[in-house]
Amino acid sequence: MLPSWKEVFPDRLGHNVQLLKQGLPAQVRVIHVVKSDAYGHGLTTAVREATRHGAEWFAVAHLHEAVEVRAAAPDAHILLLGAARPLDVPHLAAHRIVCSLFSVEHAQALSDHAGREHTRLECHVKVDTGMGRLGLMAEGCGQWADPLIAAGRHLDVTGVYSHFAMVEPHRIDVAERQAGLFTEAAATLERIAGIRLMKHLGSTRALQLKPEWDFDAVRPGILLYGYGCSEVDARFRTLPWLEWKTRLLQIKRLPSDCPVGYYGTYRTRHAGWIGIIEVGYADGLHRALSSRGYVLVAGQRHPVIGRISMNWTAIDLGSKTDAAEGDEVVLVGTQKGQHLWADEVARWARTIPYEILTAARSPFITLA
Ligand SMILES: Cc1ncc(COP(=O)(O)O)c(C=O)c1O
């Protein structure tokens, strides 16, 4: 019996993949973002299921993830969003990975290694339009486009992309500026490359709120996992497919004014029952949920009390309880018609659902 576990429902991912495929214009491709173990859902499971439902493109952050995707999807296009290192050229070529180019020097180094290995690499140019992260600055495109294409004698540049820092309806000017810079930089690069490039910009938020920024492809991540659908005018409503669970290890009665957990930061207000669950911050349960979060027991919400410790956490079961040791406890998911999803948990922990999902480290159980 596992102390805590993640249950995944790949059929719901299949539903999400189909929903996007059918709902987007036919010419818009979907690059399924499966980095960080498919946002904690299990990369191989995610890639196999998405492929079964027609997914053709995947994106990852690291080479080892790209290799894992290749094993699960022999025919897919795989975009490496992160560093393609010149010394990795033999692996990048062998696994047919589409590399991202971040600078003229990076293109030159990759191209030189590809030449030495008598191979070619397919690449997309990553343009920084306001994220301030990886990529060539859009504003300087007039200066770098020529040398970049010239440097890549052994590279096939087939695409260009950028990433939004924010797509917020109340400050849409910020995203509009990014989209404008991207459009201009992509046009310059296309002119110099002399071919039509695959252009992609939007991830979940832009995809949901701004159909005019679909370009040739979209790169949804969190949307594939059932989140990022709460806006009233969102285009797609996907289903969450990861549930995270544990069990009641011990139930005991405490008197009033009894300290619970390290440093006694919580004291019981009345005599009542507490439950100890076998999950803690070492399993990825965010410590900020200490005396702030909730879990489900028998379909009811119960507060987390006291500080979450490395392996165990206390919950308040109330002054009367029918719960029994061994009963299932839901940290993220559904129980008896009630649900508790990662976006709500994230609000209690003052973080984002991405962190809740990717932090959960318990072993997987896959359910049909
Ligand atoms: C470059 C890039 N594209 C797409 C995504 C997917 O974003 P989201 O999960 O918000 O859809 C990410 C996520 O971090 C990213 O870094």
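Under the condition of being away from the ligand (no atom under 16 Å from the Cβ) and surrounded by 17 or more Cβ atoms within 10 Å (Cβ to Cβ), which residue from region 22-47 is farthest from Met310 (Cα to Cα)?
Residue satisfying both the conditions and the ranking: Thr45.
With the condition kept exactly as written, say whether any residue in region 261-284 is in contact with a helix residue (DSSP H, G or I) (Cβ under 6 Å, 6 or more places away or on another chain) and either away from the ligand (no atom under 16 Å from the Cβ) or within 30 Å of Ser230 (Cα to Cα) (or both).
For region 261-284, residues in contact with a helix residue (DSSP H, G or I) (Cβ under 6 Å, 6 or more places away or on another chain) and either away from the ligand (no atom under 16 Å from the Cβ) or within 30 Å of Ser230 (Cα to Cα) (or both): present.
For Val17, indicate whether it is within 16 Å of the ligand (Cβ to nearest atom) and part of a strand (DSSP E or B).
no
Return the pairs, sorted by first residue and then second, in which the second residue is open to solvent by less than 60 Å² (accessible area, probe 1.4 Å) and more than 16 Å from the ligand (Cβ to nearest atom), the first residue lies in region 353-365 and is of a type in the set (D, E, K, R), the beta carbons are less than 7 Å apart, and the residues are 6+ apart or on different chains.
Pairs found: Arg361/Asp283; Arg361/Gly284.
Going by the structure shown, is Leu81 within 27 Å of Ala145 (Cβ to Cβ), open to solvent by 20 Å² or more (accessible area, probe 1.4 Å) and either within 16 Å of the ligand (Cβ to nearest atom) or among the small types (Gly, Ala, Ser) (or both)?
Taking the combined requirement at face value, the residue satisfies it.
Let's see how each residue does on (1) farther than 24 Å from Phe9 by Cα; (2) at pLDDT 95 or above; (3) open to solvent by 30 Å² or more (accessible area, probe 1.4 Å):
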| residue | (1), (2), (3) |
| --- | --- |
| Thr265 | yes, yes, yes |
| Met310 | yes, yes, yes |
| Ala323 | yes, yes, no |
| Val330 | no, yes, no |
| Gln335 | no, yes, no |
| Trp348 | yes, yes, yes |
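If Glu105 satisfies every condition in (1) open to solvent by 20 Å² or more (accessible area, probe 1.4 Å); (2) under 24 Å from Gly40 (Cβ atoms) but one, which is the exception?
Tallying (1) open to solvent by 20 Å² or more (accessible area, probe 1.4 Å); (2) under 24 Å from Gly40 (Cβ atoms), Glu105 fails exactly one: (2).
Cβ contacts < 6 Å: first residue touching a residue at least 60 places away in the same chain (Cβ under 8 Å) and on the phi > 0 side of the Ramachandran plot, restricted to region 321-338; second residue of a type outside the set (A, V, I, L, M, F, W, C) and surrounded by 15 or more Cβ atoms within 10 Å (Cβ to Cβ), any location; separation 6+ or different chain. Result?
Gly326/Arg247; Gly333/Glu243
Taking the stated definitions as given, is Ile172 surrounded by 14 or more Cβ atoms within 10 Å (Cβ to Cβ), under 24 Å from the mean Cα position of the chain (by Cα) and of a type in the set (Val, Ile, Thr)?
Yes, satisfied.
How do the strands (runs of 3 or more DSSP E) wholly within region 93-180 filter down when requiring 3 or more residues that are touching a Pro at 6+ places or on another chain (Cβ under 9 Å), within 14 Å of the ligand (Cβ to nearest atom) and not β-branched (Val, Ile, Thr): which remain?
Those strands (runs of 3 or more DSSP E) do not exist here; none qualify.
State which residue is farthest from Pro90 (Cα to Cα) when the search covers only region 47-66 and only residues that are in contact with a strand residue (DSSP E or B) (Cβ under 8 Å, 6 or more places away or on another chain) and in a helix (DSSP H, G or I).
This residue is Ala50.
Under the condition of being part of a loop (DSSP other than H, G, I, E, B) and free of Cβ contacts under 8 Å to residues at least 60 places away in the same chain, which residue from region 238-263 is nearest to the chain's Cα centre (by Cα)?
Step by step, filter region 238-263, then rank; the result is Gly261.
When you go through (1) open to solvent by less than 30 Å² (accessible area, probe 1.4 Å); (2) more than 19 Å from Val218 (Cα to Cα); (3) of a type in the set (S, T, N, Q) one by one for Gln143, which number turns out not to apply?
Against the list (1) open to solvent by less than 30 Å² (accessible area, probe 1.4 Å); (2) more than 19 Å from Val218 (Cα to Cα); (3) of a type in the set (S, T, N, Q), Gln143 comes up short only on (1).
Would you call Thr183 open to solvent by less than 30 Å² (accessible area, probe 1.4 Å) and among the hydroxyl-bearing types (Ser, Thr, Tyr)?
No, not satisfied.
Among the candidates Leu254, Leu248, Leu242, single out the residue that is open to solvent by less than 40 Å² (accessible area, probe 1.4 Å), at negative phi and within 16 Å of the ligand (Cβ to nearest atom).
Leu242
Can you run down the residue pairs with Cβ atoms below 9 Å, 6 or more apart or on separate chains, where the first is in region 51-78 and free of Cβ contacts under 8 Å to residues at least 60 places away in the same chain and among the aromatic types (Phe, Trp, Tyr) and the partner is away from the ligand (no atom under 14 Å from the Cβ) and open to solvent by 20 Å² or more (accessible area, probe 1.4 Å)?
Between residues of region 51-78 that are free of Cβ contacts under 8 Å to residues at least 60 places away in the same chain and among the aromatic types (Phe, Trp, Tyr) and residues that are away from the ligand (no atom under 14 Å from the Cβ) and open to solvent by 20 Å² or more (accessible area, probe 1.4 Å), the close pairs are Phe58/Thr51; Phe58/His77.
Run Val232 past the list (1) at pLDDT 95 or above; (2) in a loop (DSSP other than H, G, I, E, B); (3) hydrophobic (A, V, I, L, M, F, W, C); (4) open to solvent by 60 Å² or more (accessible area, probe 1.4 Å) and report the number of the one that doesn't hold.
Result: Val232 passes all but (1).
Restricting attention to region 200-218, which residues are open to solvent by 10 Å² or more (accessible area, probe 1.4 Å), within 11 Å of the ligand (Cβ to nearest atom) and either part of a loop (DSSP other than H, G, I, E, B) or closer than 15 Å to His15 by Cα (or both)?
Ser203
The values are calculated or read from the model by the stated rules, or taken from the named source; none is laboratory data. The model shown is predicted, which means the values in this text are computed figures rather than measured ones. Glycine also receives a Cβ, built like all others from the backbone with ideal geometry; neighbour counts cover every protein chain displayed. Protein only, heavy atoms only, side chains kept; ligands, DNA and RNA dropped before computing areas. Shrake-Rupley method; radii C 1.70, N 1.55, O 1.52, S 1.80 Å.
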